[in-house]
Every structure is written in C-alpha cells, then in structure tokens.
Amino acid sequence: MNFFKCPKCERRWQYPIRLCPHCLVDLEKSKSEKMTVVASSKAMIPTIMHPAVPYFAHIIEDENNNKYAYKTVKEYKIGEEIKYEPVDDKDAVAIWRIKYDISDAIKSTLQLLKIDFAENSKILILPTLVSPNHAYFRENTSPDFLAGVLQFLFEKKIKPENIKIAAQSFDETPIEASAQKSGLLDVCMKNNIAPLDIAKTNFVKQGNLEISEEITKADIVLNLSILKIGQAASTENIFKVLKKENYLASKYLYSETEIANELMGNLANTITIGEAEVIQRPDKLTVFMGLTLAGKNYLNLDRIFNEISMAKAMPKIIEEIRPENIKTVGREIKEVQYNINVC
Amino acid sequence: MYIKGVGMTKFDYSVKPWWLFAYDAAIEALADAKMNIADIDAIVFSSISSAAGGEHQTHKVSFLSDLFKTNVPIIEIPSVCGGGGAAFWTALHLDEYDNVLVLAAEKFADNKSDTVVDWILSAAEKVTEQTEGMLFPTQNALVWQKYMEKYGATMDDLSLISFKNHSNAALNPKAYFYKKPIDLEKIKSSPVVASPLRLMDCSLSVNGGAAIIISKDETDVKVIGSGFATDYLLTFGRQDLTHFKATQLAAKKAFEQAGITPKDVNVAEIHDAFTSVELISYEDLGFAEAGKGNELIRSGKINLDGEMPINPSGGLKAKGHPISVTGLAQIYEIVNQLRGNCEERQVKPEPKIGLTHNIGGAGGSVTVHIFEKVKK
C-alpha cells in the first residue's frame with residue numbers, strides 16, 4: 001500500500017494528493033512493505049458487499065506505523081505478518097485491490113505471478129475498445145486504467161517507441177470513433193504513442209487462425225480487458241488480434257472454446273490484465289468493485305471474475321471451467337466476492 | 001438561545017414515509033411551544049436517504065416547504081448519525097432568526113438487514129475501508145479491542161451498559177424497547193456480531209422523527225454550551241485508536257462556553273451506537289479519567305437512580321437509533337428531564353444541567369450541547 005507524506009510537517013495521507021494543504025509543499029510517495037496484524041475482529045453478519053461470512057477484519061500496521069483496514073478469510077494472530085507467496089503457474093490468476101493507485105495494483109498482480117519485463121521489451125497493448133461511448137459507461141478500457149498500465153511500463157524503463165496500442169472493430173463502428181469518444185486516443189497522444197488499427201496490419205496464418213503480424217512481432221501482448229459480469233470479456237478481447245473475416249468464418253467451423261484455446265497456444269507471450277475497478281452488470285448499470293485481476297490464461301481469468309461477481313449466468317466458453325481447479329494468488333475469492341447483482 | 005418546544009415520534013418499524021415522521025415531530029414541537037408554523041423564521045433539517053432507495057428524495061427542503069406551506073429558508077445538514085446534532089449546532093449560529101425549527105426524520109429500516117447494513121457502510125471510506133469489511137460493528141470492535149488491550153476493561157462492563165440502557169428504555173413510552181426489559185444473562189449470551197461485540201452491544205436501527213424549536217425568547221431551558229468537531233474518516237489513520245478526539249474537542253468547547261465542568265452535569269444522553277462507544281465517551285467527555293470508564297458503570301453512579309444518570313431515555317441501544325434523528329432525540333430527552341416531565345424515568349432530584357453527545361460515523365463528526373434549567 002502507498003502513502004503520501006509531507007516532508008515538512010510529516011502528516012500522512014492514503015489519498016493520492018500532490019500538495020500538503022498545510023505546508024503547500026509536494027508530498028513524498030512511499031510504499032508500505034511489511035504488514036503486521038495489530039487487531040482482528042471476526043465479522044459474522046453478511047452484507048451485499050461482504051456476503052461470505054465469517055471473515056476477519058483487521059487493523060494492520062506497516063514498518064512506518066501507518067495503520068490500515070484489511071480483510072481476510074484466513075484467521076491471523078496478533079503480531080502475524082500478512083504476506084503472499086508469488087506463484088509460477090501459467091494458469092494461475094492473481095487478484096488484487098486497487099487502492100487509488102492503478103499502476104501500483106498492476107505491479108502487485110504481476111509480481112504475484114512472477115512476471116517481469118525486460119527494459120528493451122516490445123510491448124503491444126490491446127485495450128478493450130468496442131463502442132463509441134464515454135468512459136463512465138465502462139464499455140471500453142478506462143483511460144485511467146490504460147494510463148496506469150503505461151505508467152507501470154515507464155517505471156520499468158520501457159520506452160514509448162517500444163509500445164504499441166492496438167485495437168480492431170469487429171462491427172461497422174470505425175475504430176477511430178471509439179478511440180476518440182472513450183478517451184483512449186487522448187491517453188495515446190499524451191504519452192506519444194501512435195494508436196494502431198489492427199485491421200490495417202498484415203496477418204499471418206498460424207494453424208487455422210490468421211493473426212496480426214504486429215502481435216507476433218511483440219515480445220509481450222498485454223490484453224487489457226474491462227471485465228463485465230456474465231461475459232468472457234478477456235477472451236472476447238483477445239479475439240481482436242485475428243483477422244475479422246477469419247474470426248467470423250472460424251466461428252462457423254469451430255466453437256469459441258476451440259478458437260480461444262488455439263489462440264492461447266499461439267500467443268504464449270500474452271498477459272491479461274483485467275480491469276474491475278468499476279464494472280458493468282448485465283443490465284449495463286455500473287458498480288464500484290475496486291479490483292484488478294491478472295493471468296496468462298484469459299479463460300481462467302474470466303471464470304474467476306464471474307465467480308467473484310457472483311454471476312448468475314455466463315457464456316459456455318467459461319461455464320464449464322471449475323473455479324476450484326484454478327490456482328489463485330493474492331486476495332482470495334471469498335475476500336473480494338461481492339453480490340453486485342442485488343445492489 | 002432557549003428551547004421553546006420539543007417533539008418526537010415513537011421509534012419503531014412503522015412504514016410511514018419519512019416526511020410524516022418529520023411532520024408528526026414538528027407538530028408536537030409546535031404544540032409544546034404554543035406556536036404555529038408561521039412563527040418559524042427558518043428550518044434546519046437533517047436526514048439521509050433510505051436504504052432501499054424506495055423513498056429516494058434529494059430535494060427534501062422543497063418537500064418540507066410544500067408540507068408546511070412555508071417559504072422560509074430551509075437548510076439540509078446531513079452528517080449520518082451525527083446529523084441531528086450538527087443541524088442543532090447550525091441552527092444556533094443563525095443569529096438573524098428569532099425562532100428556528102430544527103427537524104430530523106428517517107425511514108431507514110425499510111429493507112433486509114444486509115441491504116441496510118450495506119447502506120450504513122457508505123459512511124465509511126469507500127476504497128480502503130468499505131472494501132476491507134469495515135462495517136461499523138467491525139470498526140468499533142477493533143477500537144474496543146485496542147482499548148481493552150491498553151486499559152484492561154472487560155466485555156462484562158459493556159453488558160452492564162447494555163443492561164442499564166435497556167432498563168431505562170423499558171420505562172420510556174417512545175422507546176422501541178418500552179416495557180420490554182432484557183435480563184443481563186441474555187445480554188451476555190447474545191450472538192457475536194463482530195468479535196468481541198455482541199448483538200446486545202449494538203444499537204438498534206429504527207425509523208422516527210424529532211423536532212426542537214429554538215428561540216431568542218427566554219424559556220425554562222437555555223442552551224449554555226455548544227461544541228462541534230470533526231476527525232479523519234479513516235478511523236485507523238487517527239493518532240489515538242482508543243478514544244475519539246472529536247468528542248474531546250467538542251466537549252472542551254461546550255464546557256468552556258458554558259463555564260462549567262463535567263462535575264456540574266446532572267444528566268447526560270451519550271451516543272451509544274455501541275456500548276463500547278458509550279464507555280469510551282465517559283472518558284472523552286470528562287466524566288471519567290482515561291482508562292477508568294469501567295469504574296463508572298460498575299459503580300452504579302450513572303444508573304437511573306445514580307448521581308448522574310446516563311442515557312435515561314434508553315439511548316441508541318434500546319430507545320433506537322434512527323440515524324440523523326438521534327441527536328435531536330437526545331435533546332428532546334434532556335429538555336424533558338430538566339422540565340421534570342419524564343414520569344417513571346425522571347432523574348431525581350430534578351436535574352439542573354444536562355448534556356447531549358452525538359457522533360457521526362466512527363467518531364468522524366461530533367457535537368456536544370449543554371442545557372440549563374432556568375429558574376423562573
């Protein structure tokens with residue numbers, strides 16, 4: 001967790017603000033490293049936001065005497081440290097809370113999966129861009145989330161010229177219109193990254209699929225899905241690397257599961273980062289959830305998200321995946337489960 | 001300023017709309033003041049939205065204008081559980097007006113428990129507290145754990161507070177638990193809600209309304225002290241986890257203004273949203289030294305027949321806690337105690353000085369008011 005401290009008066013904030021309102025000097029950002037439980041209460045009453053009981057609500061304290069609220073389903077003793085062991089599992093899904101700082105949350109989820117990027121990596125980012133709507137509808141990747149991903153990459157010393165942000169329209173809506181209205185084009189411009197229309201790239205045949213050459217040239221593909229209840233949003237987004245005609249034809253010949261699995265075999269360098277800070281319900285209402293998920297297996301990620309959001313129905317492509325068979329790391333499913341459909 | 005009239009509905013689970021609770025309380029206060037609505041120069045109102053949203057009304061001041069057929073200024077002051085006290089504090093600062101109606105109404109208990117509790121959760125910080133399970137019972141349970149760790153009080157001390165307040169409410173016709181006393185063993189064995197707090201340590205969310213008319217005209221009850229302070233929303237970001245700084249600051253201001261000390265108070269209504277909050281508040285208000293609050297409850301001095309009864313109305317615990325209404329309901333009780341109108345639960349000898357203490361959230365906004373019986 002991050003905190004912001006005034007170098008002059010030493011007041012501290014958890015909110016990401018710039019200036020100390022008392023001293024009017026820039027705040028210094030610091031990160032809490034070690035978290036120890038200093039008090040713990042076993043909560044027995046379910047609520048919409050916390051439907052699974054019992055759970056434990058703790059006060060935790062870091063090495064700088066900052067105290068935070070923290071929820072677990074596991075019981076901790078007073079004085080015990082809360083820490084997470086990263087896993088090296090291509091099918092695992094990392095779950096983490098966004099505490100105002102998207103970039104920091106992304107960093108944490110990737111650390112939990114032991115994923116790191118070399119400085120000279122060529123990155124292709126595939127944001128969700130499906131309709132010409134303002135960001136608050138949560139149809140498309142949020143500008144803040146894309147900006148957070150870029151901030152994370154820049155902190156890894158990856159140069160803007162090695163980053164491409166690409167998308168493709170599978171319907172009649174021009175991709176430029178969606179990019180402009182969603183606010184994603186602004187993020188590209190502000191960071192000196194030229195957006196790329198995948199439809200205008202060359203495609204190469206890999207097995208039954210025709211994949212954009214840009215994807216195959218990248219060292220890492222970041223599949224930025226904005227997660228939606230009752231959908232396989234990450235899986236649907238990765239289909240955008242295919243030639244539109246090839247995808248539509250493939251759907252007649254094969255199941256979406258077969259296409260998704262073949263694509264996963266071809267794109268081993270893909271990492272999905274799921275945005276779930278504010279998410280869309282099946283009735284299109286948006287609800288705050290405060291999460292991000294990450295993993296190399298987008299089918300697993302979509303299934304875990306639908307488990308967290310307590311989806312009543314989900315696409316066949318993920319329905320048969322048993323969540324108990326998926327390794328998760330970071331926050332536990334029951335810790336973050338939220339009965340969004342009734343709120 | 002003086003108290004001219006007071007009114008309060010019974011606290012219950014009736015399904016009247018919020019405005020009818022406001023109306024009933026206001027009519028009672030006007031009758032008590034021997035006034036009509038045309039005598040009122042301004043209204044300060046407090047409420048929060050209902051839990052289910054079925055009565056969602058965000059322009060309540062205009063609704064009240066329509067209800068009372070008046071065009072005077074009406075200000076809405078929401079501050080969750082501390083709304084009533086904050087509205088009263090605001091009204092005291094409206095120097096331009098001779099007669100001000102302070103009003104609060106809630107139809108809050110109108111849905112399943114998980115929905116209502118989830119709505120109350122909205123008074124905690126969203127990103128770092130609500131998501132981490134900081135319901136008000138868990139927040140207060142954690143504060144109480146740190147208190148017990150530091151000072152060595154026990155859960156039995158809290159049971160005594162619950163027992164005291166339930167015993168008092170059983171004598172209060174407007175309390176939810178009127179004529180329904182609860183025995184001590186039942187309190188001690190009630191189910192755990194958020195360890196170590198039990199169900200019988202938690203106040204009761206109910207519906208209701210309350211109204212107070214303040215006036216520049218001299219009456220039998222004078223407001224002699226008023227304090228208002230706030231504190232950080234992030235409960236665990238505060239310096240002292242075991243006490244409520246905002247209560248200490250508001251009390252200091254109110255006592256300074258009144259020119260008296262806590263020893264001069266004869267009766268008090270304290271914000272017992274949780275029994276632990278009542279005990280900690282004994283210390284924050286200056287009725288006990290830090291760490292000695294349990295001695296006060298064990299001594300019996302604050303029982304109805306004690307030296308300085310606390311929560312003779314039954315408190316939030318057993319009279320009921322209709323969120324914004326609570327602060328005004330406390331004033332209603334103290335005014336009636338000072339006037340000697342409380343029949344079976346009347347504090348004896350008749351008190352001269354009374355105090356109210358109203359908290360918003362987990363100590364985030366606090367008002368303290370002191371009232372004096374005026375000799376006529």
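Summary table
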{"read-out": "Criterion violated by B:Gly237 - all others in (1) surrounded by 24 or more Cβ atoms within 10 Å (Cβ to Cβ); (2) within 14 Å of chain A (Cβ to nearest Cβ); (3) more than 27 Å from B:Phe21 (Cβ to Cβ) satisfied", "value": "(1)"}
{"read-out": "Residues located in the range A:1-36, provided they are of a type in the set (Asp, Glu) and in contact (Cβ under 8 Å) with a residue 60 or more places away in the chain", "value": "none"}
{"read-out": "Count of residues meeting criterion [among the hydrophobic types (A, V, I, L, M, F, W, C) and outside any helix (DSSP H, G or I)] in the range B:109-118", "value": "1"}
{"read-out": "Condition broken by A:Val53, with the remaining ones in (1) among the aliphatic types (A, V, I, L, M); (2) buried (at least 17 other Cβ atoms within 10 Å of the Cβ); (3) in contact with a Pro (Cβ under 9 Å, 6 or more places away or on another chain); (4) within 14 Å of chain B (Cβ to nearest Cβ) satisfied", "value": "(2)"}
{"read-out": "Residues located in the range A:238-267, provided they are in contact (Cβ under 8 Å) with a residue 24 or more places away in the chain and among the basic types (Lys, Arg)", "value": "A:Lys240, A:Lys243, A:Lys244"}
{"read-out": "Test: residue in the range B:143-158 that is within 19 Å of the chain's Cα centre (by Cα) and either within 14 Å of chain A (Cβ to nearest Cβ) or surrounded by 18 or more Cβ atoms within 10 Å (Cβ to Cβ) (or both)", "value": "yes"}
{"read-out": "Candidate set: the range B:107-125, residues that are facing chain A (nearest Cβ under 7 Å) and of a type in the set (D, E, K, R); chosen: the one farthest from B:His243 (Cα to Cα)", "value": "B:Asp114"}
{"read-out": "Of the criteria (1) surrounded by 18 or more Cβ atoms within 10 Å (Cβ to Cβ); (2) more than 14 Å from every other protein chain (Cβ to nearest Cβ), which one B:Leu135 fails", "value": "(2)"}
{"read-out": "Tally of residues being β-branched (Val, Ile, Thr) and not in a strand (DSSP E or B) across the range A:279-309", "value": "2"}
{"read-out": "Answer from A:Glu172, A:Glu176, A:Glu119, A:Glu139 - the residue that is among the charged types (D, E, K, R) and in a helix (DSSP H, G or I)", "value": "A:Glu176"}
{"read-out": "Condition broken by A:His58, with the remaining ones in (1) facing chain B (nearest Cβ under 10 Å); (2) surrounded by 14 or more Cβ atoms within 10 Å (Cβ to Cβ); (3) in contact (Cβ under 8 Å) with a residue 40 or more places away in the chain satisfied", "value": "(3)"}
{"read-out": "Test result for A:Ala166, at pLDDT 95 or above and assigned to a helix (DSSP H, G or I)", "value": "no"}
{"read-out": "Members of the range B:91-125 that are among the polar types (S, T, N, Q) and touching a helix residue (DSSP H, G or I) at 6+ places or on another chain (Cβ under 9 Å)", "value": "B:Asn99, B:Asn111, B:Thr115, B:Ser122"}
{"read-out": "Conditions (1) facing another protein chain (nearest Cβ under 7 Å); (2) among the charged types (D, E, K, R); (3) farther than 14 Å from B:Thr235 by Cα: number failed by B:Glu129", "value": "(3)"}
{"read-out": "Selection from the range B:353-374 of residues that are under 30 Å from B:Glu129 (Cβ atoms) and out of contact with any helix residue (DSSP H, G or I) (no Cβ under 8 Å at 6 or more places or on another chain)", "value": "none"}
{"read-out": "Every residue from the range A:74-115 that is farther than 18 Å from A:Ala268 by Cα, outside any loop (DSSP other than H, G, I, E, B) and either in contact with a helix residue (DSSP H, G or I) (Cβ under 9 Å, 6 or more places away or on another chain) or within 12 Å of another protein chain (Cβ to nearest Cβ) (or both)", "value": "A:Ile95, A:Trp96, A:Arg97, A:Ile102, A:Ser103, A:Asp104, A:Ala105, A:Ile106, A:Lys107"}
{"read-out": "Pairs where the first residue, in the range A:322-343, is more than 18 Å from A:Lys114 (Cα to Cα) and the second is charged (D, E, K, R) and in a loop (DSSP other than H, G, I, E, B), C-beta under 7 Å, 6+ apart", "value": "A:Ile340/A:Arg281; A:Asn341/A:Arg281; A:Asn341/A:Lys312"}
{"read-out": "A:Lys71 being among the basic types (Lys, Arg) and out of contact with any helix residue (DSSP H, G or I) (no Cβ under 7 Å at 6 or more places or on another chain)", "value": "no"}
{"read-out": "When residues of the range B:166-199 are limited to those that are more than 14 Å from chain A (Cβ to nearest Cβ) and within 30 Å of A:Phe56 (Cβ to Cβ), the one surrounded by the most Cβ atoms within 10 Å (Cβ to Cβ)", "value": "B:His166"}
{"read-out": "Some residue of the range A:14-37 being in a loop (DSSP other than H, G, I, E, B), within 12 Å of another protein chain (Cβ to nearest Cβ), at pLDDT below 95 and touching a Lys or Arg at 6+ places or on another chain (Cβ under 9 Å)", "value": "yes"}
{"read-out": "Any chance A:Ala147 is among the hydrophobic types (A, V, I, L, M, F, W, C) and at pLDDT 95 or above", "value": "yes"}
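One line per residue, one yes/no per condition, for (1) crowded, with 17+ Cβ neighbours inside 10 Å; (2) more than 14 Å from every other protein chain (Cβ to nearest Cβ); (3) on the phi > 0 side of the Ramachandran plot:
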| residue | (1), (2), (3) |
| --- | --- |
| A:Leu285 | no, no, no |
| A:Thr292 | yes, no, no |
| A:Arg303 | yes, yes, no |
| A:Met314 | yes, yes, no |
| A:Arg322 | no, yes, no |
| A:Ile326 | yes, yes, no |
| A:Arg331 | yes, no, no |
| A:Glu335 | yes, no, no |
| A:Val342 | no, no, no |
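The values are calculated or read from the model by the stated rules, or taken from the named source; none is laboratory data. Fair warning: this is a prediction, and the values are worked out from it, not measured in the lab. Note: ideal-geometry Cβ built from the backbone for every residue, glycine included; neighbour counts use all protein chains shown.
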